[in-house]
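Remarks on the structure that follows.
Read-outs throughout are calculated quantities, based only on the coordinates presented, and are distinct from any laboratory measurement. None of the values given here were measured: they were computed from a predicted structure. Because the Cβ atoms are built from the backbone with ideal geometry, glycine has one as well, and the counts that use them run over all protein chains shown.
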Amino acid sequence: MKLFVTGGAGFIGSNFVHYVFARRPDWAVVNFDKLTYAGNLANLTALASHPRHRFVRSDICDGAAVLAAMRGCDAVVHFAAESHVDRSIYEPAPVVRTNVIGTFTLLEMARELAVPRFLHVSTDEVYGDLPPGEAADEDYPLRPSSPYSASKASADLLVLSYVRTYGFPAVLTRSSNNYGPYQFPEKFLPLMITNAMIGKPLPLYGDGGQQRNWLHVADNCRGILAALERGRTGAVYNIGGLDVEANLDMARRVLRLLGRSESLLSHVADRPGHDRRYALNSSRIAADTGWRPKVALEEGIRQTIEWYAEHSEWLAAVRDGEYMSYYEKFYENRNASLQAIAGTRKD
Ligand code: NAD
Ligand code: TYD
């Protein structure tokens, strides 16, 4: 089996490539990644001289480059995306380009080459806010709230249209919020952990009562491989974690596990359009492949804290100039940045 993996230098993609080589040692991977601010070759150091791992630095919107690198592959696993909601609010153009046009380009090239399998990686955010007590199954309406989630929903619909119109051999996964090793610290949990480690405030948007369905990345990688190998063609599979928990409670867990004071909790101005609650019903993937989440939140967070503590060089390199200017804009000058958006809002 030769996989064409997009976004394999990012958080989930790199975890997946490592997982594949551990579980399917005879497989080969073409790892196709543009190396945006979120892509990091240091996530792949252990594979630098692996005989069946080939890294290609390129853009999924570049059809010719995709065609050349995809030729001869047996399956596509498509992770590449602009993946951050906050950045998508401030600058939607690259998000729409990569997530929609990039996915479309991959679909066209895979169709031209008649690649036998295409796994599209999506998100629970396409379902939007859920009322208390409800969990979205795969037939739940799509009501995305942010430019990011709308671009992912658009890509999902394109993939499903190819299934219906061209008999395209795709499977889709929609996972909940991932956490674990190699996550870029713009996302909630690594930001909380890495700030708490150095005694910096933990910025909670609004009241911190927003809930997410937390999923360890190892559980997601296992689910994606299960869907790739055993999922029904044309099916969408939700992949949700064991626990739904509010951001404030997550931040408190981090502080407790690191022995830090709750005085570090800091409520900051809320994200525009912020979804209050996500929760997934993942019974379809359980029924079709036997997959179930395994990692409980407390243990998963403990391991993740340990990983960041043991990878201080990785973290120092990630916290470079780009990250610092991002942090300054989104947190230190948060009110001014949000006001600039509010000025364009028509309520
Ligand atoms: P990430 O931001 O860590 O990594 C994205 C990767 O894609 C990076 O390596 C980046 O260089 C690459 N990339 C971006 N634009 C590209 C382009 N035009 N061409 C080629 N490569 C490009 O993202 P992640 O958190 O690993 O997410 C991976 C996928 O999983 C995304 O599709 C995302 O929507 C989805 N997802 C993520 C989560 C989560 O909690 N992180 C949850 C559900 C779904
Ligand atoms: P995030 O990791 O950006 O994922 P998503 O928005 O895709 O769910 O954020 C997770 C939750 O944490 C979300 O409710 C927003 C909130 N959040 C904060 O409260 N503070 C922060 O600094 C960040 C990055 C997120």
* Asked: Between region 156-227 and region 1-55, what is the C-alpha centre distance in whole Å?
  -> 18
* Calculate I(q)/I(0) for region 188-240 by the Debye formula, one identical point scatterer on each C-alpha and no solvent, and give its log10 at q = 0.21 Å⁻¹ to two decimals. => -0.84
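Determine, from the Cβ-Cβ distance of residue 134 and residue 157 and an R0 of 22 Å, the FRET efficiency 1/(1 + (r/R0)^6), rounded to the nearest 0.05. The partial results should precede the final answer.
Numbers: r = 22 Å, r/R0 = 1.01.
Calculated value: 0.50.
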* Structure fact -> Log10 I(q)/I(0) at q = 0.10 Å⁻¹ for region 90-223, from Debye over equal alpha-carbon scatterers, is -0.41
* Give the share of C-alpha pairs in each 10 angstrom bin for region 241-347, from 0 to the last occupied bin, in whole percents, shortest bins first. => 10, 25, 36, 22, 7
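In what sequence do 221, 61 fall when counting other Cβ within 10 Å, fewest first?
Working: 221 24, 61 18.
Lowest to highest Cβ neighbour count: 61, 221.
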* Structure fact -> The pairs in 34/294; 34/152; 34/200; 2/187; 200/294; 2/294 lying past 25 Å Cα-Cα in this model are 34/294; 34/200; 2/187; 200/294; 2/294
* Asked: Once the dipole of region 1-89 is set up with Lys and Arg at +1 and Asp and Glu at -1 on Cβ about the Cα centre, which of 64, 81, 47 lies farthest towards its positive end?
  -> 47
* In whole Hz, with x marking every Gly and Pro, tabulate ³J(HN,Hα) for region 61-69 from phi via Karplus 6.51 cos²θ - 1.76 cosθ + 1.60, θ = phi - 60°. => 7, 8, x, 5, 5, 4, 4, 5, 7
* Structure fact -> Expected unfolding gain across residue 245-residue 67 under the 0.36 nm per residue rule, minus the alpha-carbon gap, is 59.9 nm
* To do: Find the Rg to Rh ratio for the chain, where Rh is the Kirkwood radius over alpha-carbon pairs and Rg uses the same atoms.
  => 0.94
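Between beta-carbons, use under 12 Å as the cut-off and find the net charge around residue 287, counting Lys and Arg +1, Asp and Glu -1.
Working: positive: 230, 232, 284, 292; negative: 137, 138, 288.
Net of charged neighbours comes to +1.
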* To do: Compute from the Cα atoms of region 17-154 the Rg and the Dmax, the latter being the longest Cα-Cα distance, and quote both in angstrom.
  => 16.5, 49
* Asked: For the modelled label position 7 Å from the Cα of residue 310 along Cα-to-Cβ, which residues of region 232-269 have backbone nitrogen atoms closer than 15 Å?
  -> none
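For residue 90 and residue 111, FRET efficiency with R0 = 35 Å and r from the beta-carbon atoms, rounded to 0.05? It would help to have the intermediate numbers written out before the result.
On the way: r = 34 Å, r/R0 = 0.97.
About 0.55, to the nearest 0.05.
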* Asked: Toward the positive end of the charge dipole of region 142-296, about the Cα centre and with charges on Cβ (Lys, Arg +1; Asp, Glu -1), which of 228, 147, 255 goes farthest?
  -> 228
* **Length released on extending from residue 41 to residue 294, taking residue separation times 0.36 nm less the Cα-Cα span** => 88.2 nm
